[in-house]
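Colleague: Sharing a structure with you now.
The values are calculated or read from the model by the stated rules, or taken from the named source; none is laboratory data. This one's a predicted model, so the numbers in the text were calculated from it and none came from an experiment. Here the Cβ positions follow ideal geometry from the backbone for every residue, glycine too, while neighbour counts run over all protein chains shown. Accessible surface areas use protein heavy atoms only, side chains included; no ligands, DNA or RNA. Shrake-Rupley method; radii C 1.70, N 1.55, O 1.52, S 1.80 Å.
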Amino acid sequence: MDIRYRIEFFSDWHCGSGLSAGADVDALVIKDDCGLPFVPGKTVKGLVREAMEDILTFKRIGNEESRESLLKLESLFKETFGYFDGNSEMIKGQAFFTNAELPSDERRVIIAEKIQAFMYRRLSSTAIDTDGIAKEHSLRRMEVVIPCRLEGYILDVPCDDEFIKLMEDALHYIKRLGQNRNRGLGRCSITVMSITAPEKIN
C-alpha cells in the first residue's frame, strides 16, 4: 500500500543543506533545482521509525506481538548488507519515503511568478555570557522556511491493517521536524491524506 501524507508547519523550520553563504548565513536550507524547500525522505523515514518504536514501547504489548511488529519495522526501514555468491550487496528497506514537497499547483505558481525568495527568511542568534553580554564572534545566522504545507508519499507499505494503523499513529505523533526543534522551530502536524494500492496513485 502507498500512503500519501501532508506536513503542515506552524512555525519557521529548517532542514539543513550542510552549506553556508559565506559570512552572511551560516546554515542554508536544502532546496530543489527550482529553489524550493523540501523535507528529505530520509528525514521523514527516521522520524517515523522512531515514533513507531516509541508507540510500541508505550503500548507495552505482549512479547510475541511485539516481536512480530519489530520484525516488520526492520524489514520496512533497515538497510543491511547481504551476500550473494561471495559479493556484498546492499539490501534496502521495503518502504520508500519520497521527499515531502510543496503541492504541485503551489509549485507552479511560485516558479512562474519567480517568488521563491519569499519562502525564506533569516534568523540571527548569539551566545550570552554570565554578565548578559554577547560573546565576541558568536553571532550566527540561519536561513529558515516560512510556515507552509508539504506533501509526500510512503510507498510499498505492507498491506496489514494493524501495521498501517501503527504507521498512521506514528505520523500523527510527530510534532516537530528539522533543526532547532527544541528552540521553537519546526512545529508541525502530519495527517494522512490517502492510503491506496500503488496503481491508483496518479
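Colleague: What pairs from Lys45/Lys175; Lys114/Lys175; Lys42/Lys114; Lys45/Lys114 go past 24 Å between their alpha carbons? Can you show the working numbers first?
Modeller: Numbers: Lys45/Lys175 15 Å; Lys114/Lys175 31 Å; Lys42/Lys114 28 Å; Lys45/Lys114 31 Å.
Those over the limit are Lys114/Lys175; Lys42/Lys114; Lys45/Lys114.
Colleague: Arrange the residues Asp161, Asp156, Asp169 by how much accessible surface each exposes, largest first, with a 1.4 angstrom probe. Present the calculation step by step, with values, prior to reporting the outcome.
Modeller: Details: Asp161 130, Asp156 75, Asp169 45 Å².
Sorted descending by solvent-accessible area, the residues read Asp161, Asp156, Asp169.
Colleague: If we count every other residue with Cβ under 14 angstrom of Arg176's Cβ, Lys/Arg +1 and Asp/Glu -1, where does the sum land? Display every interim value, and only then the final one.
Modeller: Numbers: positive: Lys175, Arg181, Arg183, Arg187; negative: Glu8, Asp12, Glu50, Asp54.
Net charge around Arg176: 0.
Colleague: Then there is this: What net charge is computed for the residues neighbouring Pro37, neighbours being all others with C-beta under 10 Å from the C-beta of Pro37, Lys and Arg scored +1, Asp and Glu -1?
Modeller: Values: positive: Lys31; negative: Asp32, Glu101, Glu143.
Around Pro37, the surrounding residues sum to -2.
Colleague: What list of ³J(HN,Hα) values in whole Hz, one per residue of the stretch 100-107 in order, does the Karplus curve 6.51 cos²θ - 1.76 cosθ + 1.60 (θ = phi - 60°) give from phi, with Gly and Pro shown as x?
Modeller: 8, 10, 4, x, 4, 5, 5, 4
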